[in-house]
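**Student:** What follows is a single structure, and I will ask about it in a moment.
The values are calculated or read from the model by the stated rules, or taken from the named source; none is laboratory data. Here the structure is a predicted model, which means the values were calculated and not measured. When we count neighbours, we look across all protein chains shown, and the Cβ atoms used for this are built from the backbone with ideal geometry, even at glycine. All accessible areas refer to the heavy atoms of the entire protein, side chains included, with ligands and DNA or RNA removed. Shrake-Rupley method; radii C 1.70, N 1.55, O 1.52, S 1.80 Å.
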Amino acid sequence: MNKLIVFLMGSVLLFGAVSCDAARTSSDAPTSNDGKVEQATKVKDTKEDSSNKTRQNQLNSDIRAREQRNDMAGDRTKRADADLESEVRAKLESNIPRAKLTVKANDGNLVVLGTVRDQKEFNTIEPLAQEILGVDKVNVEGVKIVATKS
């Protein structure tokens, strides 16, 4: 029975990893590191959803559930790329609600792309990402600071 559960969970993770190549904090976050930021002036649009208390609880619950599942599966610090992307995305979304960020992971190394409103938000990306178990390095060179009118 335990092997069946592990197989099913593995299948779901594999399907999830194949179906999406990155975790994004909003639907209009960038999908590549080509230097183009579409509609950068609309950074504030995601604040309402992600600053909602119910949404923050949901994001934190998702992180805890993934960590508990990985704890049961073996090494606490070894995470699948899709799990790292999802956990870091949730962490960033709940703590930097106005950001439009995309998170890509490769063996514990993260690349974060997108926009934030100010230097303070930019400076919090790396420390927040490092709080997630399994994250080794965080590259934020693809994040642009875009000041918008409140």
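**Student:** Here are some residues: Ile132, Ile96, Ile125. Which one is at pLDDT 95 or above and crowded, with 20+ Cβ neighbours inside 10 Å?
**Tutor:** Numbers: Ile132 fails: at pLDDT 95 or above; Ile96 fails: at pLDDT 95 or above.
None of the others qualify; the one that does is Ile125.
The rows are residues; the columns are (1) part of a loop (DSSP other than H, G, I, E, B); (2) over 14 Å from the mean Cα position of the chain (by Cα).
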residue: Val103; (1), (2): no, no
residue: Leu110; (1), (2): no, no
residue: Gly114; (1), (2): no, no
residue: Lys120; (1), (2): no, yes
residue: Ile125; (1), (2): no, no
residue: Ile132; (1), (2): yes, no
residue: Val135; (1), (2): yes, no
residue: Gly142; (1), (2): no, yes
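**Student:** Let me ask another. Among residues belonging to region 74-93 that are in a loop (DSSP other than H, G, I, E, B) and open to solvent by 30 Å² or more (accessible area, probe 1.4 Å), point out the one that is nearest to Ala147 (Cα to Cα).
**Tutor:** Here is the first cut: in region 74-93, the residues in a loop (DSSP other than H, G, I, E, B) are 74-80.
Checking the rest, the ones that are also open to solvent by 30 Å² or more (accessible area, probe 1.4 Å) come to 74-78, 80.
Values: Gly74: 43, Asp75: 41, Arg76: 38, Thr77: 36, Lys78: 37, Ala80: 34 Å.
Ranking the candidates gives Ala80 first.
**Student:** Another question about this same structure. In region 99-122, what residues are under 19 Å from Lys78 (Cα atoms), touching a residue at least 60 places away in the same chain (Cβ under 8 Å) and open to solvent by 20 Å² or more (accessible area, probe 1.4 Å)?
**Tutor:** Within region 99-122, the first condition is being under 19 Å from Lys78 (Cα atoms), and the residues that meet it are 103-111.
Remaining after also requiring touching a residue at least 60 places away in the same chain (Cβ under 8 Å): 103-104, 111.
Hits for region 99-122 are Lys104, Val111.
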